[in-house]
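Here is the structure we will look at.
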Amino acid sequence: MTLPVRIWFNRGFSLAPIAGLMRSADPSLEVYVSVSPMSAHYPGPTATWIDGGTDDAAGDPETYLDWVRETIDRHAIDIFIPTRRRKLIAAADLPCRVHLPADVPTLELLDDKYAFAASLAGEDYHLPTYRVATGDALAALLADWPDAGDDAGPCVKPRQGVNGLGFWRLMDVSPMAHLQDSERRRIRPDHYLAALREQERHGPIDEIVAMAYLPGPEISFDILADRGRLLKYAARTKLGTSRQHIATRHPLEPVVASIVGRFALHGLVNAQFRRAIDGSWKLLEINARPAGGVVYADQVGCRLVADWAGLLTGRLSADTIDRSAIDTEVAFSTVVQPVAA
């Protein structure tokens, strides 16, 4: 691949610092990011664009693809890494290489929390997950929910969705708890049901899923894979809102390797595990994209983003990836910096 190599990401979370890490690892790289019209432009990419060019262009599939082709030609893009509209882009004839973390049917499965959980039935790490399409269905499910205390009480979230949006624990809390302290994501079951039924008066609800709440801790695995082969990972155990333990060796490694092979994962992806009340580990989800927290792992020497960049450009091969042993703890602090609108 001739230099400079130009990589483009469209619309994702935490792409600016990921782009910055790629460029630090390989100064010959140019890394571009396209964002929503309301997003700030953070330092890190070579340049940041509005995705689709305009709101109207981003909405219509064919208009969007025309803009994608024009952008690839105008900036001589070598590798396009879509993090949204993947099915549309995968089916298109584009004048550059398109990098996807799995085939399209697998990506659709991973995005569907109910179908994904159902596909893991029988595995030790399977988390029983229930589909809820109506308020009555949720009421019946809650009526039969086993009483195992708050640590294994029910929780709900959208069947389709990312970034933890729409997650709630259904608990016997104060009637005002969800308004006074929304960050704790706790709401009375009768209040949630009332809102669901009110929404049904306006038409069918977007399906949700219900499962037992897992007390934790939670481990986020940042995974570098090559066509179903686990190359390296960083296990980030969340110790609170401002601390994480990061290790490149973990007892769940055989499970992580098995799911990488099972779903033929490729590139830099993420898997979330959480400990259940009985002490077992359950797989919550696989995010077929880099997690924002991967930058913490790279900052302590894991080189997941850096090595991914090397694989993308051919500077590295799967057999030359180094697996350094790292076992450390990191803490975070807030930094205020101006960004371009």
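The values are calculated or read from the model by the stated rules, or taken from the named source; none is laboratory data. Owing to the predicted nature of the structure, the values given are computational and were not obtained by experimental measurement. Backbone-built Cβ (ideal geometry, glycine too); neighbour counts: all protein chains shown.
For the reader, a short list of remarks on this structure follows.
- Residue in segment 308-318 that is within 19 Å of H250 (Cα to Cα) and loosely packed, with under 12 Cβ neighbours inside 10 Å present: no
- The set of residues in segment 288-315 being farther than 17 Å from T328 by Cβ and of a type in the set (D, E) consists of D307 alone.
- The residue that is surrounded by the fewest Cβ atoms within 10 Å (Cβ to Cβ), counting only those in segment 238-259 that are under 19 Å from Y125 (Cα atoms) and of a type in the set (G, A, S), is S258.
- Residues that are modelled with pLDDT under 95 and part of a strand (DSSP E or B) were ranked within segment 219-243; the one that is nearest to V300 (Cα to Cα) is R243.
- Scan of segment 112-127 for residues that are of a type in the set (D, E, K, R) and either part of a loop (DSSP other than H, G, I, E, B) or farther than 19 Å from N270 by Cα (or both), ordered by number: E123, D124
- Any hit, segment 261-280, residues being assigned to a helix (DSSP H, G or I), surrounded by 13 or more Cβ atoms within 10 Å (Cβ to Cβ), at pLDDT 95 or above and not assigned by TED's automatic domain parsing to the domain that holds Y32: yes
- Of all residues in segment 302-341 being within 22 Å of the chain's Cα centre (by Cα) and assigned to a loop (DSSP other than H, G, I, E, B), the one that is farthest from I50 (Cα to Cα): C302
- Test: residue in segment 130-148 that is within 19 Å of the chain's Cα centre (by Cα), modelled with pLDDT of 95 or more and either exposed (fewer than 13 other Cβ atoms within 10 Å of the Cβ) or over 30 Å from Y64 (Cα atoms) (or both): no
- Scanning segment 90-122 for residues that are without any contact (Cβ under 8 Å) to a residue 40 or more places away in the chain and among the charged types (D, E, K, R) yields D93, R97, E108.
- Residue count for segment 193-220, restricted to those that are without any contact (Cβ under 8 Å) to a residue 40 or more places away in the chain and at negative phi: 6.
- Across segment 172-186, the qualifying residues are those that are in a helix (DSSP H, G or I) and either among the small types (G, A, S) or in contact (Cβ under 8 Å) with a residue 24 or more places away in the chain (or both), and the one among them that is surrounded by the most Cβ atoms within 10 Å (Cβ to Cβ) is A177.
- Residue in segment 190-205 that is farther than 18 Å from G293 by Cβ and either in a strand (DSSP E or B) or under 19 Å from the mean Cα position of the chain (by Cα) (or both) present: no
To keep it simple, each residue is scored yes or no on (1) touching a helix residue (DSSP H, G or I) at 6+ places or on another chain (Cβ under 7 Å); (2) farther than 29 Å from F273 by Cα; (3) modelled with pLDDT of 90 or more; (4) of a type in the set (A, V, I, L, M, F, W, C).
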{"residue": "V173", "(1), (2), (3), (4)": "no, no, no, yes"}
{"residue": "L179", "(1), (2), (3), (4)": "no, no, no, yes"}
{"residue": "R188", "(1), (2), (3), (4)": "no, no, yes, no"}
{"residue": "A195", "(1), (2), (3), (4)": "no, yes, yes, yes"}
{"residue": "E198", "(1), (2), (3), (4)": "no, yes, yes, no"}
{"residue": "D206", "(1), (2), (3), (4)": "no, no, yes, no"}
{"residue": "V209", "(1), (2), (3), (4)": "yes, no, yes, yes"}
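- Annotation: Y32 fulfils all but one of (1) more than 20 Å from A291 (Cβ to Cβ); (2) under 21 Å from the mean Cα position of the chain (by Cα); (3) surrounded by fewer than 19 Cβ atoms within 10 Å (Cβ to Cβ); the unmet one is (3).
- Close pairs (6 angstrom Cβ cut-off, 6 or more residues apart or separate chains): not assigned by TED's automatic domain parsing to the domain that holds N287 in segment 155-171, of a type in the set (F, W, Y) anywhere: C155/Y213; V156/W168; K157/F167; R159/Y114; R169/Y213; L170/Y192
- Criterion violated by Y130 - all others in (1) of a type in the set (S, T, Y); (2) in contact with a strand residue (DSSP E or B) (Cβ under 6 Å, 6 or more places away or on another chain); (3) assigned to a loop (DSSP other than H, G, I, E, B) satisfied: (3)
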